[in-house]
Amino acid sequence: MTSQKYQSKTLKIAVVGDIHDQWEVEDGMALKHLGVDLVLFVGDFGNESVEVVRAIASLNIPKAAVMGNHDAWYTATEWGRKKCPYDRTKEDWVQEQLDLLGSAHVGYGKLDFPEWNLTVVGGRPFSWGGHEWRFADICKDRYGVTTLEESAQRIFASVKSAACETIIFLGHNGPSGLGDRPEDPCGKDWHPIGGDFGDPDLAEAISLTMTTGKQIALVTFGHMHHSLRHTKKELRKPIFKSPEGIVYLNAASVPRIVEGESGKLRNFSLVSLEAGEVTQASLIWVGEDFQVAKEEIFYERSTSVVPSV
């Protein structure tokens, strides 16, 4: 099939928010029942949870993933290393996760899907968020990246080498520039309240990409949970559409598996893509019968037509 023929097809993408060890066999079955074409994982599989990553790596659906800060929980900081449950001189659970995911891990990299004229570009792996770079040593040690400026250029290098014209950015944390209120997609919701906690290097890479002529369809991420820490009266805003028409989606609805009246419900974010443009984005909850029990539509492209004169 030609890429032109695929472009007329609506692409169904599932974005899996922060997992935090909540991944079951039924999740893979649910994705099959939903008939998704592509699955994107925003990271935080657990605290270096090798077995969770092993299960996800075996998922027989096209996928891309990026590592979150929890995925280097016992490796990236001194306090984490003190609590490490394994002998770090003999094992490296971070590397085990990366090896299991293989080319599906797009942190500081990319994955081309030429059949859809789509490239998924990964942001900085192991991001903690904010302008102050936490977990900097792991990026220096494993990727040779020492500054946020270098990080932006590293992400942008993947854009420049992308085989396809349509780009999806996949980060653990979202970019800066989406608002500084605590309820904004990357807003700081702990004391002192407020402030933009987005990644400046990802924002810079997105800005640079806009100069290339490539089309940015979607920027999706997690890390900043929908449930706010400072109030239970509202949830975080999960969606932002920029003046340039880029849709930004925070998929971190945590916990992603809950007990409902009729059993377990598990959530996924669903994105529909047509000719490189997002037409709908929603959060769904799937029941034990693999049917959609609840759906909250976050975004729908306007279908209004301007009348001709």
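Quick notes on this one:
- The set of residues from region 210-257 being open to solvent by 10 Å² or more (accessible area, probe 1.4 Å), outside any strand (DSSP E or B) and in contact with a Lys or Arg (Cβ under 8 Å, 6 or more places away or on another chain) comprises Thr212, His225, His226.
- Total residues in region 265-297, condition open to solvent by 40 Å² or more (accessible area, probe 1.4 Å), under 26 Å from Phe169 (Cα atoms) and modelled with pLDDT of 95 or more: 6
- Looking across Phe221, Phe169, one residue alone is without any contact (Cβ under 8 Å) to a residue 60 or more places away in the chain and among the hydrophobic types (A, V, I, L, M, F, W, C). It is Phe169.
- Only residues that are touching a Lys or Arg at 6+ places or on another chain (Cβ under 8 Å), assigned to a loop (DSSP other than H, G, I, E, B) and open to solvent by 10 Å² or more (accessible area, probe 1.4 Å) were counted in region 181-209, giving 6.
- On the stretch given as region 30-56, residues that are of a type in the set (Gly, Ala, Ser) and under 16 Å from the mean Cα position of the chain (by Cα) total 2.
- Residue selection: Tyr74 fails the criterion of being in contact with a strand residue (DSSP E or B) (Cβ under 8 Å, 6 or more places away or on another chain), touching a residue at least 24 places away in the same chain (Cβ under 8 Å) and assigned to a loop (DSSP other than H, G, I, E, B).
- Sole residue being in a helix (DSSP H, G or I) and either crowded, with 22+ Cβ neighbours inside 10 Å or touching a residue at least 60 places away in the same chain (Cβ under 8 Å) (or both), chosen from Val120, Val94, Val159: Val94
- Filter result for the condition that a residue is on the phi > 0 side of the Ramachandran plot, modelled with pLDDT under 95 and not charged (D, E, K, R), over Phe135, Phe126: Phe135
- Restricting attention to region 26-43 and to residues that are touching an Asp or Glu at 6+ places or on another chain (Cβ under 8 Å) and within 15 Å of Ala104 (Cα to Cα), the residue that is surrounded by the fewest Cβ atoms within 10 Å (Cβ to Cβ) turns out to be Val42.
- When Pro125, Pro175 are checked against the criterion of being touching a Phe, Trp or Tyr at 6+ places or on another chain (Cβ under 7 Å) and not acidic (Asp, Glu), Pro125 stands alone in meeting it.
- Residue within region 164-175 that is of a type in the set (Ser, Thr, Tyr), open to solvent by less than 30 Å² (accessible area, probe 1.4 Å), at pLDDT 95 or above and in contact with a helix residue (DSSP H, G or I) (Cβ under 6 Å, 6 or more places away or on another chain) present: no
The values are calculated or read from the model by the stated rules, or taken from the named source; none is laboratory data. All values derive from a computational prediction rather than experimental measurement. A quick note on method: Cβ atoms are made from the backbone with ideal geometry, for glycine too, and the neighbour counts reach across all protein chains shown. Surface accessibility is based on the protein's heavy atoms, side chains included, excluding ligands, DNA and RNA. Shrake-Rupley method; radii C 1.70, N 1.55, O 1.52, S 1.80 Å.
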